[in-house]
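What follows is calculated from the coordinates using simple rules that are stated; it is not laboratory data. Every value quoted in this text rests on a predicted model; they were computed, and no experiment measured them. Glycine also receives a Cβ, built like all others from the backbone with ideal geometry; neighbour counts cover every protein chain displayed.
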Amino acid sequence: MVDGAIQQVGPPDQIYFWPNSKESAVMSGSCDFIKGSVSGGSVNTSIGPLPMRMPESFSDGDQVEVAIRQTDLSMEPTPAGKNIVVRKDFRGDETIFWVKTPREEIIRCKHKIHTTLFSGLKVQLSPVQYTKFNVFNVPSS
């Protein structure tokens, strides 16, 4: 519900995996948003092309925002990485990393295993296998 209006009705897993709005995506679980443009069934973003859910709902060139869940991306340290770890938050059985993209967007990535990744490290971000991203139109200004 946003401003007294119901945004989406359905089972919790349906709302989490297939939100119909940015508000539903945020209310169903932690996520960040990055900008991109649709091209051939994927979205070109600052971290590279990302596969999208329901590409038939968009046209090439559409400006969109991509919802990124903390478990959607893997991080690989590399000197050629264009993304930089800016914060590391150890939480016992998991670690949350804040990663800055070339467009200064911040994406949070969750890792369940102990890792030696640290702030200041350059990383490559890649979609986890089988992940398709929810995409929302950028409101006209």
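To keep it simple, each residue is scored yes or no on (1) hydrophobic (A, V, I, L, M, F, W, C); (2) at negative phi; (3) without any contact (Cβ under 8 Å) to a residue 60 or more places away in the chain.
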| residue | (1), (2), (3) |
| --- | --- |
| N20 | no, yes, yes |
| S30 | no, yes, no |
| G41 | no, no, yes |
| G48 | no, no, no |
| P51 | no, yes, no |
| S59 | no, yes, yes |
| I68 | yes, yes, no |
- Item | Whichever residue in segment 80-116 is in contact (Cβ under 8 Å) with a residue 40 or more places away in the chain and in contact with a strand residue (DSSP E or B) (Cβ under 6 Å, 6 or more places away or on another chain) and, among such residues, is farthest from S46 (Cα to Cα) | K110
- Is there a residue in segment 31-48 that is assigned to a strand (DSSP E or B), closer than 15 Å to I68 by Cα and acidic (D, E)? yes
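Taking the condition surrounded by 15 or more Cβ atoms within 10 Å (Cβ to Cβ), among the aromatic types (F, W, Y) and in contact with a helix residue (DSSP H, G or I) (Cβ under 7 Å, 6 or more places away or on another chain), does F97 pass? Lay out the reasoning, then the answer.
On the way: surrounded by 15 or more Cβ atoms within 10 Å (Cβ to Cβ): yes; among the aromatic types (F, W, Y): yes; in contact with a helix residue (DSSP H, G or I) (Cβ under 7 Å, 6 or more places away or on another chain): no.
Answer is no for this residue.
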- Message: Regarding segment 52-72, can at least one residue be identified that is exposed (fewer than 15 other Cβ atoms within 10 Å of the Cβ), over 21 Å from I113 (Cα atoms), in contact with a strand residue (DSSP E or B) (Cβ under 7 Å, 6 or more places away or on another chain) and small (G, A, S)?
- Response: yes
